[in-house]
Amino acid sequence: MARINREYRKLSAGYLFPEIGRRIKIFQQDNPQARVHRLGIGNTTEPLPPSVIRGLHDAVNNLSAAETYTGYGDEQGDQDLRESLARFYGKRGIKLDKDEIFISDGAKPDAGNIQSIFSSDNLVAFQDPAYPVYVDTNVIAGRSGSFDSGTGNYGGFVYMTCNSENGFIPEPPQEKVDLVYLCSPNNPTGAVAGRGNLRKFVDYARSHRAVIIFDAAYSEFISDPDLPRSIYEIEGAAECAIEINSFSKSAGFTGVRLGWSVVPRSLVCEDSEPGELHRSWLRRQTTFFNGASNIAQRGGVAVLGEQGRQECAAVIGYYMENARLIREGLQKTGLTVYGGINAPYLWLKTPGELSSWGFFDKLLHEAHVVGTPGSGFGPAGEGYFRLSAFGHREDIGEAMKSIRDNLVL
Ligand code: MLT
């Protein structure tokens, strides 16, 4: 008799973005004339730049001739893409071997799968609020107790509260934990950890033989040269941190799908020697994954070329100008706004006593603007709301005008 993985029953709700999609659909059925402005999910909207399109076309053309056709590649990714990424880190003074870089079909699967190389009795700490994938996948893997609807917490997890008092960047936990998930620039709050913040986490992890899982998917949105774009800018991080990154937001690959993880050979945990976690992730990927699309990987090489980097930087600049317009527009309406300076997300305090979902409904019904309720990212997100700067400029302008004209505050 087969039995279900009962850990799924512990999950407190459906995945956040499909739930938002469901509510928009109902609104549109009831209000067919309304033009809805979507600033909810961080989904890219601008076309891929010419050099990247050329890289993708070249890969497609290669598939059309027997001499250049390729089938399966290495599960951990094509060598030239891993070499390009090693050079990309090298330009920032970070020395990585190409074999410490694993190509995947995006940061989300890596963020979900990485926990599988750690023991199921590890104690895990999360930023609160956080990208839901970290928490949910650890629930499914059996590391949590049950969900407490009163506190919004799962038993057995450690929550590192991010609020306006700590600038949405927490201190390391008081107690000893085994795994720590960090995301900077942060989704959802848009806060960016400074070197001093990351230094504290690296020191913490080294002293407890804990491992940091550092999600750097938004690192290319940092323009302040003093802010770290990789945890490996902090000395000693290669012993205690895995970094996950993505071409989705920085190069418009949300639909193309391409990401990578760095699992250094020097990484250790309480009961492993250097090299074992690296080998475990290689074993995991070669067992479960047949490699990212060869077309996408050629696109990735083009992104990392000189022209690709310049062109992608221009698109990032476009989104960050959107962020500025949203930030200033919201501030003019009197709302309190955080983030949106070195990150494509804006995090606003809901007005009055409105809950996050209450503000979602109000914004949708009054201004026809969709955002993401902060409570969907964890209990400390209650009373906050996220807007995404990914969108066409015209639509962002119309959304801000609609908020100004129609939102009753
Ligand atoms: C988000 O809106 O939080 C992200 O776009 C979702 C994702 O990257 O999976």
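The values are calculated or read from the model by the stated rules, or taken from the named source; none is laboratory data. No experiment lies behind these values; they were computed from the predicted model shown. All Cβ positions, even for glycine, are placed from backbone atoms using ideal geometry, and neighbour counts span all protein chains on display. Note: areas computed on protein heavy atoms with side chains; ligands, DNA, RNA excluded. Shrake-Rupley method; radii C 1.70, N 1.55, O 1.52, S 1.80 Å.
Here are the numbers for this structure:
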{"item": "Unique residue being crowded, with 18+ Cβ neighbours inside 10 Å and farther than 17 Å from residue 216 by Cβ when the list is 148, 136", "result": "136"}
{"item": "Residue match in region 86-96 (condition: without any contact (Cβ under 8 Å) to a residue 40 or more places away in the chain and buried (at least 16 other Cβ atoms within 10 Å of the Cβ))", "result": "yes"}
{"item": "Conditions (1) part of a helix (DSSP H, G or I); (2) open to solvent by 10 Å² or more (accessible area, probe 1.4 Å): number failed by residue 229", "result": "(1)"}
{"item": "Whichever residue in region 371-390 is in contact with a Leu (Cβ under 6 Å, 6 or more places away or on another chain) and outside any helix (DSSP H, G or I) and, among such residues, is farthest from the ligand (Cβ to nearest atom)", "result": "385"}
{"item": "Some residue of region 257-273 being of a type in the set (Gly, Ala, Ser), in contact with a helix residue (DSSP H, G or I) (Cβ under 9 Å, 6 or more places away or on another chain) and surrounded by 22 or more Cβ atoms within 10 Å (Cβ to Cβ)", "result": "yes"}
{"item": "In region 1-29, the residues that are of a type in the set (Asp, Glu) and either at pLDDT below 95 or within 16 Å of the ligand (Cβ to nearest atom) (or both)", "result": "19"}
{"item": "One residue from 128, 121 being acidic (Asp, Glu) and either open to solvent by 20 Å² or more (accessible area, probe 1.4 Å) or more than 16 Å from the ligand (Cβ to nearest atom) (or both)", "result": "121"}
{"item": "Residue check, residue 293 surrounded by fewer than 21 Cβ atoms within 10 Å (Cβ to Cβ), in contact (Cβ under 8 Å) with a residue 24 or more places away in the chain and either out of contact with any Leu (no Cβ under 9 Å at 6 or more places or on another chain) or in the same structural domain as residue 164 (by TED's automatic domain parsing) (or both)", "result": "yes"}
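Rundown of residues vs (1) surrounded by 16 or more Cβ atoms within 10 Å (Cβ to Cβ); (2) out of contact with any strand residue (DSSP E or B) (no Cβ under 8 Å at 6 or more places or on another chain); (3) farther than 22 Å from residue 224 by Cα, yes/no style:
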| residue | (1), (2), (3) |
| --- | --- |
| 335 | yes, no, yes |
| 341 | yes, yes, no |
| 351 | yes, yes, yes |
| 354 | yes, yes, yes |
| 361 | no, yes, yes |
| 365 | no, yes, yes |
| 373 | yes, no, yes |
| 381 | yes, no, yes |
